[in-house]
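Quick notes on the structure that follows.
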Amino acid sequence: MGASLGGETVLRYLALNYPATAGIVIGPVRTPSIDLSRIRVPVMGIWGGSNDGGVSGRENMEAMKRAGFRVEVIDGAGHPAYLDKPGGEFVRLVINFLRSINAV
């Protein structure tokens, strides 16, 4: 799991074909310089809703969707959705994603 710059680092790592054995959950990231087509593991990005503050724009979400990755938005959460809404919706999204890829 990587959030913001950590998530961008995780995606860069995967795009360079380093190994990963399960799915990856990331927070809002910038994607323009990452070749998402090279990533071969399931990825889910979780963005904050209207409170994200423009840190990672919709173009990054759309790039992730075009690459076939799952993207979720938590309304009312900011850029660090995992901090703003740590229980409930965030945890549910992560658990559902992990179940969908048979990681739990």
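The values are calculated or read from the model by the stated rules, or taken from the named source; none is laboratory data. Just so we're clear, the structure is a prediction, and the values are computed from it rather than from any experiment. Note that each Cβ is placed from the backbone with ideal geometry, even for glycine, and that neighbours are counted across all protein chains shown. Areas reflect the complete protein model, heavy atoms only, side chains present, ligands, DNA and RNA absent. Shrake-Rupley method; radii C 1.70, N 1.55, O 1.52, S 1.80 Å.
Mind checking which residues of the stretch 15-30 are surrounded by fewer than 21 Cβ atoms within 10 Å (Cβ to Cβ) and touching a residue at least 24 places away in the same chain (Cβ under 8 Å)?
Passing the criteria: 15, 22, 23, 30.
Identify all residues within the stretch 15-50 that are charged (D, E, K, R) and closer than 23 Å to residue 85 by Cβ; write none if there are none. It would help to see each step written out before you state the result.
Of the residues in the stretch 15-50, the ones charged (D, E, K, R) are 30, 35, 38, 40.
The answer is 30, and nothing else.
Just for the stretch 35-62: of the residues that are modelled with pLDDT of 90 or more and open to solvent by 20 Å² or more (accessible area, probe 1.4 Å), which one is nearest to residue 102 (Cα to Cα)?
42
Filtering the stretch 72-83 down to residues that are out of contact with any helix residue (DSSP H, G or I) (no Cβ under 6 Å at 6 or more places or on another chain) and touching a residue at least 60 places away in the same chain (Cβ under 8 Å), which residue is surrounded by the fewest Cβ atoms within 10 Å (Cβ to Cβ)?
80
For residue 92, only one of the following conditions fails: (1) at pLDDT below 90; (2) on the phi < 0 side of the Ramachandran plot. What is its number?
For residue 92, the exception is condition (1).
Scan the stretch 84-103 and tell me whether some residue there is closer than 21 Å to residue 15 by Cβ, hydroxyl-bearing (Ser, Thr, Tyr) and without any contact (Cβ under 8 Å) to a residue 60 or more places away in the chain. Give the steps one after another, and end with the answer.
From the stretch 84-103, those closer than 21 Å to residue 15 by Cβ are 97, 101, 103; that's our starting set.
Within this subset, residues satisfying the condition of being hydroxyl-bearing (Ser, Thr, Tyr) are none.
Looking for residues that are closer than 21 Å to residue 15 by Cβ, hydroxyl-bearing (Ser, Thr, Tyr) and without any contact (Cβ under 8 Å) to a residue 60 or more places away in the chain, one finds none in the stretch 84-103, hence no.
State which residue is nearest to residue 34 (Cα to Cα) when the search covers only the stretch 47-96 and only residues that are under 15 Å from the mean Cα position of the chain (by Cα) and hydroxyl-bearing (Ser, Thr, Tyr).
Step by step, filter the stretch 47-96, then rank; the result is 56.
Every residue in the stretch 35-49 that is without any contact (Cβ under 8 Å) to a residue 40 or more places away in the chain, within 20 Å of residue 73 (Cβ to Cβ) and assigned to a loop (DSSP other than H, G, I, E, B), please. Before you say what the answer is, go through the steps one by one.
Looking only at the stretch 35-49, we keep the residues that are without any contact (Cβ under 8 Å) to a residue 40 or more places away in the chain, and these are 35-41, 43, 45, 47-49.
From the residues that got through so far, the ones that are within 20 Å of residue 73 (Cβ to Cβ) too are 36, 43, 45, 47-49.
The answer is 49, and nothing else.
Give the number of residues within the stretch 6-34 that are part of a helix (DSSP H, G or I) and under 16 Å from residue 100 (Cβ atoms).
Of the residues in the stretch 6-34, 0 are part of a helix (DSSP H, G or I) and under 16 Å from residue 100 (Cβ atoms).
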